[in-house]
């Protein structure tokens, strides 16, 4: 009888601990992959080999466009993005900012710089329209997806930096 009680007590302790470990946040890349609606953005991240979302400690805030947001980008624009590795990298970095910002904190922040290296384009502006948080012209549709190296904010539009002029060959 004492053995059964001891086993029950042990199970009551181990089951919640195991469940908590199974639900522990992962890095930003894995958090977005688990959310399931950011495949196009993650394909750009992978193509650009952006380590900030996978192996760097951060913290970072990622404004991740949904797959539906990418579906609304004209095909010619997507072809231009996908055809130039530098543009892919700029687009990804235009959606990442250093620091960890929850959606409710953004309107007070007003603006911040992105990791985008393209001159004069790496600024995000934050506002609130009604009860919706916005970054530039995108609404935050899935706020505060916590990760070990920051937080992701799901957005409903793709933010594009100004593309560099094509190089003469």
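The values are calculated or read from the model by the stated rules, or taken from the named source; none is laboratory data. Since the model is a prediction, treat every value here as computed from it, not as a measurement. All Cβ positions, glycine included, derive from the backbone under ideal geometry; neighbour counts span all protein chains shown.
Just one of the listed residues (64, 57, 34) is out of contact with any helix residue (DSSP H, G or I) (no Cβ under 9 Å at 6 or more places or on another chain) and under 13 Å from residue 150 (Cβ atoms), and it is 57.
Every residue, every condition in (1) buried (at least 19 other Cβ atoms within 10 Å of the Cβ); (2) at pLDDT below 85; (3) under 23 Å from residue 35 (Cα atoms); (4) in contact with a strand residue (DSSP E or B) (Cβ under 8 Å, 6 or more places away or on another chain), yes or no:
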position: 113; (1), (2), (3), (4): no, yes, no, yes
position: 120; (1), (2), (3), (4): no, yes, no, no
position: 134; (1), (2), (3), (4): yes, yes, yes, yes
position: 139; (1), (2), (3), (4): no, no, yes, yes
position: 144; (1), (2), (3), (4): no, no, yes, yes
position: 147; (1), (2), (3), (4): yes, no, yes, no
position: 155; (1), (2), (3), (4): yes, no, yes, yes
position: 159; (1), (2), (3), (4): yes, no, yes, yes
position: 163; (1), (2), (3), (4): no, yes, no, no
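Restricting attention to the range 122-132, the residues that are under 28 Å from residue 86 (Cα atoms) and either at pLDDT 90 or above or outside any loop (DSSP other than H, G, I, E, B) (or both) add up to 4.
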